[in-house]
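A.B. asks: Next up is a structure, given as structure tokens.
The values are calculated or read from the model by the stated rules, or taken from the named source; none is laboratory data. Please read these numbers as outputs of a predicted model, since none were measured by experiment. With ideal geometry, Cβ positions are generated from the backbone for all residues, glycine too; neighbour counts draw on all protein chains shown.
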Amino acid sequence: MAFGKDPLWYKDAVIYEVPIRAYVDSNGDGIGDFRGLTDRLDYLQDLGITAIWVLPFFPSPLRDDGYDVADYYCVNPIYGSLEDFQEFVAEAHRREIYVIIELVINHTSDRHPWFQRARRAPQGSVERDFYVWSETPDRYRETRIIFQDFEASNWTWDAVAGAYYWHRFYAHQPDLNFDSPAVQQAVLDVLDFWLGMGVDGLRLDAVPYLYERDCTNCENLPETHAFLQALRRHTDTQFPHRMLLAEANQWPEDAVQYFGTGNECHMNFHFPLMPRLFMALHMEDNFPIVDILQQTPSIPDSCQWAIFLRNHDELTLEMVSDEDRDYMYRVYARDPQARLNLGIRRRLTPLLGNSRRKVELLTSLLLSLPGTPVLYYGDEIGMGDNIYLGDRNGVRTPMQWSGDRNAGFSKANPQKLYAPVIVDPEYHYESVNAESQRQNPSSLWWWTKRILAVRQRHRAFSRGTIMFLHTDNRKVLAFVRSYQGNHLLIVVNLSRFTQSVQVDLSGFQHMTPVEMFGRSPFPEIKEEQYFLSLGAHNFYWFTLEPARTYGETGSPRNLPRLRWPTPLATELNQAARRQELEQILPEYWRSQPWNSLAEQRIQHLEIRETIVIPAAGQPVVVLLVQVEYREGEPATVALMLTCTSVGEGNSEAAIAQIDPDHGEPVLLCEALAEERFWSIPFEGIASRARHGGQGGEITAHPSMGTLA
């Protein structure tokens, strides 16, 4: 489907989270900006990213990294101009990358003109009612304090107003009053402005806290859901195919309410899953993962969870028990400096002790469990952190692009940077950077690129159901993702030691697990338990395919069938026959491990020319195929095809089985997979052969080039 036309695009997305000031500085002021981000879109496209989530970039005092908004309608000048933002959106869309931005609707900065007017306005006025005021700090006592390390109360006295104002986060972030119709309209106006700029999705920050009511905990109130339904109706009417992403850090039974019946938010973060991935890894036990996902209610078909390993905040432990929180602190944050509020302020790789195997294992789970994966900038290269910076700034340091000064992030004086680059010996930017990893095919960056490409070839990952499988070993997690008759088997060893496991695959008898990365078939599934062994912190991704049953001739019986009554060369002169072949070629190409283009997603394919080359016994047909990819430039691919009898030659090179009106079936194969056809190119060069087609001809002639 063409870019921007799929209403469910967010289900198939790979989202990349970017704090703009941390990414690229284009003007040498020490702060990342939109022009720098635009210049790196090719990098993100090459990695396999299909959506960018940009953290707040609005004018702000920056006391909470931009979540304290002072003006909803502008770009903070330190990040560029509104025109720079529009160019960024246009360039992202040109690369078929969706753009998601923040809509911080629960609160504003105390510097916002709305608050400055409210504190001076008379009681009962529209301006005053933009915020929540009280003459006493005793209201809503049942409400928890989120930032316990910084705030003693959710109320703060304002001397100008002569009253207390309500805030769920920092005291400099007063909460908006959503009981005011003027506030609701103001939020809709802001939404219209940015969606009108071409933005594809909005992350709704802190949505559980929009309303306050006495004798409640002021979270997940019915009024909040009613407002979100109105927001969704407005969005669907005015801006079809746009997406709303809720940030609701709640238990599954509460978080699922933010989908409504498919009439509230399109997406929501699955906060409780994230810490349990880390728990399962350290405990070497699949229970935390299975348990939380089995507790998670089903969601409407049009909705999707967003899942993540790390983000711009601390690794939140709000959605675990006190006992589990203490356990996580003991194993992942022994240094008290790493603890913040109810979480751990570490990046992914330092959390895992710089273990490449553990990083790959958790990333494989992120990409295979139900939901849309969200990658945090720098995790694709294993960036480190700095826990000695204040608040959560230690996980928001400059992106490490190269080993040059300032890690290639900026040309400014190093002392001018908004935050210091990482110089910890283990994660120093001179050794951990994108430039060096992109030059090393064995790097974490290349591994990430490859696994993203494999994931994007299988919609069962993004849209499929999940079924956990019974195993005889709790150190191994096994599950099947299914979508439209396609089944993917995922087996993960959570242990630091090699493990054997027997998996109950009785529901998939007579199917063959084919390993996705190398297309290696494993033994066929029988009635008995299926045996596998896995190395330490290793995993398998399989497609479950109909077993290739081989007769005496060795012919696979699960090939596509073509009913062509006449010889190959004659049939391919007909447009209808070419279209049939165009339908099956993409799947054949994806199945070939030697194909350098296999990881690219094919958007459109067309056979542009057919040229017959006479050969002894059976002619060869050369196809010139124009291929357009979802990413990158189109390519013209040449295929030499022939027909062989069933049972002859290399059946793995068979594209389809042709069933003629008369005679025996034959296999349509790539000719160069058969040794008897290897001489055709060389004979053509020796004789300077010319072979004509409908639009041109193939000529063969020697060149002065040197074979390497």
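A.B. asks: Can you tell me how many residues within the range 325-379 are of a type in the set (Val, Ile, Thr), crowded, with 21+ Cβ neighbours inside 10 Å and closer than 18 Å to LEU281 by Cα?
C.D. replies: 4
A.B. asks: Tell me the residue from ALA161, ALA152, ALA118 that is touching a helix residue (DSSP H, G or I) at 6+ places or on another chain (Cβ under 7 Å) and assigned to a loop (DSSP other than H, G, I, E, B), please.
C.D. replies: ALA161
A.B. asks: Give the residue that is surrounded by the most Cβ atoms within 10 Å (Cβ to Cβ), with candidates limited to residues of the range 482-501 that are under 22 Å from the mean Cα position of the chain (by Cα) and closer than 14 Å to VAL290 by Cα.
C.D. replies: By that ranking, first place goes to VAL492.
A.B. asks: Follow-up question, since we're still on this one. Surrounded by fewer than 19 Cβ atoms within 10 Å (Cβ to Cβ) and under 24 Å from THR316 (Cβ atoms): does that describe HIS167?
C.D. replies: Criteria not met by HIS167.
A.B. asks: Here's something else I'd like to know. Kindly establish whether ARG310 is within 26 Å of LEU245 (Cβ to Cβ) and modelled with pLDDT under 95.
C.D. replies: yes
A.B. asks: Then there's this: Anything in the range 49-65 that is crowded, with 17+ Cβ neighbours inside 10 Å and at pLDDT 95 or above? List them, or say none.
C.D. replies: ILE49, THR50, ALA51, ILE52, TRP53, VAL54, LEU55, PRO56, PHE57, PHE58, PRO59, SER60
A.B. asks: Could I ask something else about it? Taking the range 315-336 as the search range and keeping residues that are within 17 Å of GLN250 (Cβ to Cβ) and in contact with a Leu (Cβ under 6 Å, 6 or more places away or on another chain), which one is modelled with the lowest pLDDT?
C.D. replies: Checked the range 315-336; the qualifying residue modelled with the lowest pLDDT is GLU318.
A.B. asks: Tally up the residues in the range 122-149 that are touching a helix residue (DSSP H, G or I) at 6+ places or on another chain (Cβ under 7 Å) and surrounded by fewer than 17 Cβ atoms within 10 Å (Cβ to Cβ), please.
C.D. replies: Final tally of qualifying residues: 2.
A.B. asks: Name the residue, out of ILE307, ILE292, that is part of a strand (DSSP E or B), among the aliphatic types (A, V, I, L, M) and buried (at least 20 other Cβ atoms within 10 Å of the Cβ).
C.D. replies: Answer to the check: ILE307.
A.B. asks: Of a type in the set (Lys, Arg), over 20 Å from ALA248 (Cβ atoms) and assigned to a loop (DSSP other than H, G, I, E, B): which single residue out of ARG141, ARG168 fits that description?
C.D. replies: Among ARG141, ARG168, only ARG141 is of a type in the set (Lys, Arg), over 20 Å from ALA248 (Cβ atoms) and assigned to a loop (DSSP other than H, G, I, E, B).
A.B. asks: Against the definition (farther than 23 Å from ASP385 by Cα and crowded, with 21+ Cβ neighbours inside 10 Å), how does ALA13 come out, yes or no?
C.D. replies: The answer is yes for ALA13.
A.B. asks: Restricting to the range 510-551, name every residue that is over 25 Å from the mean Cα position of the chain (by Cα), in a loop (DSSP other than H, G, I, E, B), aliphatic (A, V, I, L, M) and under 23 Å from SER495 (Cα atoms).
C.D. replies: Scanning the range 510-551 gives a single hit, ALA536.
A.B. asks: Of the conditions (1) in the same structural domain as GLY394 (by TED's automatic domain parsing); (2) touching a Cys at 6+ places or on another chain (Cβ under 7 Å), ASP84 clears all except one; give me its number.
C.D. replies: Tallying (1) in the same structural domain as GLY394 (by TED's automatic domain parsing); (2) touching a Cys at 6+ places or on another chain (Cβ under 7 Å), ASP84 fails exactly one: (2).
A.B. asks: A further question follows. Please give the number of the condition GLU318 fails out of (1) touching a residue at least 60 places away in the same chain (Cβ under 8 Å); (2) under 19 Å from LEU369 (Cβ atoms); (3) part of a loop (DSSP other than H, G, I, E, B).
C.D. replies: (2)
A.B. asks: While we're here: Please go through the range 125-154 and pick out each residue that is among the hydrophobic types (A, V, I, L, M, F, W, C) and over 40 Å from the mean Cα position of the chain (by Cα).
C.D. replies: Answer for the range 125-154, where residues must be among the hydrophobic types (A, V, I, L, M, F, W, C) and over 40 Å from the mean Cα position of the chain (by Cα): VAL126, TRP133.
A.B. asks: Another question, then. Check the range 467-488 and report whether any residue there is acidic (Asp, Glu), outside any strand (DSSP E or B), in contact (Cβ under 8 Å) with a residue 40 or more places away in the chain and out of contact with any Asp or Glu (no Cβ under 7 Å at 6 or more places or on another chain).
C.D. replies: Taking every residue of the range 467-488 in turn, at least one turns out to be acidic (Asp, Glu), outside any strand (DSSP E or B), in contact (Cβ under 8 Å) with a residue 40 or more places away in the chain and out of contact with any Asp or Glu (no Cβ under 7 Å at 6 or more places or on another chain).
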